[in-house]
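The values are calculated or read from the model by the stated rules, or taken from the named source; none is laboratory data. None of these values were measured; they are calculated from a predicted model. Here Cβ is always computed from backbone atoms with ideal geometry, including for glycine, and neighbour counts include all displayed protein chains. Areas reflect the complete protein model, heavy atoms only, side chains present, ligands, DNA and RNA absent. Shrake-Rupley method; radii C 1.70, N 1.55, O 1.52, S 1.80 Å.
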Amino acid sequence: MLANLLSTRPGNRPTRGLGLLSTLAAVAAMSSVLIGPSAPPSAVPAPAGASTTLSRPAATAPASASTAASVTAPTGRTATATSTAGRTPTASPAPTSTSSATAQQAAGAVAEPALTRYAEAKVTQQRAPRVPVCGGKLTLGEVAACQSITGQQKNVWTVITTADQDTLVTQLTRGSGDFPSARVTNAAGQSVCTFGIDSGTCQLGPAGTYTITVTLYSPDDRGNYTLAVDSTRTPSTCDVLPGSFFSFDSAGATDTLPLGAAANCYSFDQPLHSVLGVVADPDGSLDVRGQILDAQHEPVCNLPYGSGECTLSRPGPYRLLMWEYYGKESPYTLKMRRLSNPVGCQAVPLAPFGDPAAALGSGVARAHDMACNTFTTDAAGPVLVRFMRQDEQAIAWTVHDTAGQQVCEKGTNSRFCALTAAGTYTLLVRNQHISDATVNYHVAVTRLDRFDGCAATTGTSWDQPALHLHQTSPVQTNCQPFQGRAGDRVLTYTAPAPYAWLVDRTGARICTEPSLEDGCVLPADGTYRVISYLWEWSADSTDLTYQMQIRRLSDPVGCPTVRPGAYNAAPAGAPGGIRCRILEVPAAGVYRIKAVHGDNLQAYARVYDPAGRTVCTDIQCELPTAGRYTLVLVGDRVIGNDLEYAVALLPWQPSGCPTVSDTGWRDAPHRGEFQTSGQLNCLQLPTPSGAHLTALLPGEMTIAASPDIEVLNADGRPVCDFSSLREYSCQLTGPAPFSVLLSGRDWVPTLTYALGFARTDGPPACPVLPRDATGATVTTAADRFAACFSIPADQHAAQESFTWTRTSGSGRARLSVFDGQGVRKCSQVDYAAQRTVTCALPPGPVTVLLETDAVDATYRLTHRDAATPAP
């Protein structure tokens, strides 16, 4: 009911005392609402394609401010309905319905004139303007403007209704000051209803004269107001909407709700059970409301904000009321599109897969409006509705059957729309562009259960070339068939990234539920298809291409085989471009599996069991049994089978590793090389568990030109990395023996290197660094780039200064100091030819390491109490 709709308005204005009670009483008193037939003039058919003008009388301006009050007719307004696009509007057949006039006369009510159906004519109803004081006779449809009222005054108005059980639509607006309220009484002085400011309704009894008394709440209140009422059964004026108004070709009617007006009224008829899409585009106001009533004056549909869909579920003729909730002047454009058996929609032929050629539809979706297309199918089945991405982002679309019922919509049916029967369907397009820009769109509709335009059937072997698909239209859809067996797990790769999904022979999408496993398990033997398209499309595009691979992940065919290799050697898996490898392992266990490109960059991969289920996604991979596993690269870099990569497959725990010294300051460094990308080298340390270790590298070696270093215990667990070995302190935890794993850096596939290791917690103890002016002399060379010294506990202060100076040759050096447990306490990251650094040292002995470039040079190294001045 109208009262129900009005009660849901946003931003209710504050009322107090009787004003609020009056509003609530008006809502509670209302038992039936809105419109009965009025008496429009005789129907005059309009020429095909002609404009129909609906006009209301002009208004008289309000009296000047010196006048106590004035009453004016609504502001003049002209509603224009225009049929466009060169089509001839078609009036809908009138439904069979029985007029209620005879029954009303038999009940003693005043007979109401019958509504002329499908009248396509100019309707003009004149009203004489009246200018009373704040009170007097109030004519239906007029707006009374009372310039002043006080709390001691009662403004009394009278209104006459000629229909029994009429409902008044009311509009009481507050100008400035306090809030007025109104009470309606009948001829016997009995209270009928009360209403407050803004829109409301009042249910009357028998036809006759009623009194409206407007008051303020408190004797001290002051204010002004406007007042207007109109009848829902015999409205003051009601424009007739012709049958052509409901076509999608119609430009609608531009109209205005005058300031303070109760409502605008439109009368129309359409077949019973028609579905209407109502669009009332307000000019800057979101408070325009609407309601459609049937021939018995009962509400059929409420239209929040003036727009929405309405099914005419009871017989007409019908009336549409439009009002602005707060009584503000509000221009708007009214359009009523019939969604069931629509008129004015462009037909779209069903498009094949591939280039749709001429099988395209188009339309213009204007701001706050809708457009339509129709398509016809000869059988039930799924279809795909395709728009270009730029258009899809600016519109919302739905598909409706001939009865106007929604079948599917953009949000949940972007991959398919299931049609349950043969017939003609309507594609409804609504503009939702954030800038209100007009959207000129193209659309294609394709049957997913047909094979028209599909490519030739392809295989699922991994070694076959990638497919190259063309897209020559922004709304094109491609179809790629392949054969599958029940239980096959199939993966699809595409590049660049189009939308792609699997369907069976009937066009039904398969594997729609989220899964932790990759790929799709085929439910039965038969022909399957990958449906795909590129969404990105620019105005200058003519032929875009993308690649596709359809591959069987279970029991794969066409993958090169890799078997475990050895450390300190090139990877066993020879470089190649096919994105998969069969890994044959002789026993269960934890393996090191790493795929690398030719530039030594890691290629991320997954490992699957024979059924295609994921086993691991990281370099450390536990294979549960001996046998065959499948490694597959992730991503699209190798989709063309032309980007080579190698696979290192090794037992996780290094073996066959040469032993390296942990007194690298005394012994010659270890020298090694990487001959190819993906090679992993290893060394074995003699150092016991719990000891502290540091790595020694030539000072001129950059990080990029040095190997990455990782120390593993006997369980294969990493305990130290490059950073802890070079900048902090590495304590060896877990069981011995400990292994050093060496690998090349990114972008460095080949490398020769030299390095050493030094135990920093002893034994053996390093030579003592004298605490005198002479200090110690350090000689460096290509095989000697580190020197180690010890300082007893009684030969250093809490703050000790260390100075090194290069005395011959070239190169630079850096210094580190470790406490008695081997923890690094002080270090100089930068290398320098000479420098003095001051370190805070703990009690007890300390170890000093001087690391240099691997070149011929000599240095003098001294230390002193930091509190002692330098010599």
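Just flag the chymotrypsin sites (Phe, Trp or Tyr not before Pro) in region 554-651 sitting in loop per DSSP whose Cβ has no more than 15 other Cβ atoms within 10 Å.
Tyr604
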*Which value, in Å² rounded to 10, gives the accessible area of Lys328 with a 1.4 Å probe and all protein chains present?*
90 Å²
*For Ala668, what is the net charge nearby, where nearby means another residue's Cβ is under 14 Å from its Cβ and Lys, Arg count +1, Asp, Glu -1?*
0
*Would you mind getting me the FRET efficiency between Ala367 and Lys328? Use the beta-carbon distance for r and R0 = 25 Å, nearest 0.05.*
0.70
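Work out, step by step, the length gained on full extension between Ala566 and Arg509: first 0.36 nm times the residue separation, then minus their alpha carbon distance; give nm to one decimal.
Contour length minus Cα-Cα distance gives 15.9 nm.
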*Inter-label distance for Ala704 and Leu601, nm, one decimal - labels placed 7 Å from Cα along Cα-to-Cβ*: 1.5 nm
_At 7 Å along Cα-to-Cβ for each site, give me the label-to-label distance between Ala418 and Ala495 in nm._
3.7 nm
*Long-range amide H partners of Thr311 with built H, under 5 Å*: Leu276
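Considering only DSSP states other than H, G, I, E and B, which chymotrypsin sites (Phe, Trp or Tyr not before Pro) in region 709-813 qualify as loop sites with at most 16 other Cβ atoms within 10 Å?
Of the chymotrypsin sites (Phe, Trp or Tyr not before Pro), the ones in loops of region 709-813 whose Cβ has at most 16 other Cβ atoms within 10 Å are Tyr728, Trp747.
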_Can you tally the net charge around Val855? Count Lys and Arg as +1, Asp and Glu as -1, for every other residue whose Cβ sits under 13 Å from the Cβ of Val855._
-2
_I'd like the carbon and sulfur percentage of the solvent accessible area for region 641-746, probe radius 1.4 Å, heavy atoms only, ligands and nucleic acids excluded._
48 percent
*Note down the accessible area of Thr492, probe 1.4 Å, to the nearest 10 Å².*
50 Å²
*Exposure ranking of Ile531, Ile510 by accessible area [1.4 Å probe, largest first]*: Ile510, Ile531
*asked:* Give me the one-decimal nm value for the distance between modelled label points at Val156 and Gln653, 7 Å along each residue's Cα-to-Cβ direction.
replied: 10.9 nm
*Quick one: length gained pulling Ser689 to Ser435 fully straight, 0.36 nm per residue minus the C-alpha distance?*
84.5 nm
*Rounded FRET efficiency, nearest 0.05, which uses the C-beta distance separating Gln346 from Thr750 and R0 of 45 Å*: 0.10
*Dipole of region 707-808 [Lys/Arg +1, Asp/Glu -1 at C-beta], most positive-end residue of Val778, Ile791, Gly762*: Val778
*Tell me, how many Å apart are the Cα centres for region 501-548 and for region 166-207?*
63 Å
*Mind checking the full-extension length gain between Asp452 and Lys137? Use 0.36 nm per residue of separation minus the Cα-Cα distance, one decimal, nm.*
106.0 nm
*What residues qualify as long-range amide H neighbours of Gly404, i.e. H under 5 Å apart, gap of 5 or more or another chain, H built at 1.01 Å from N?*
Asn341
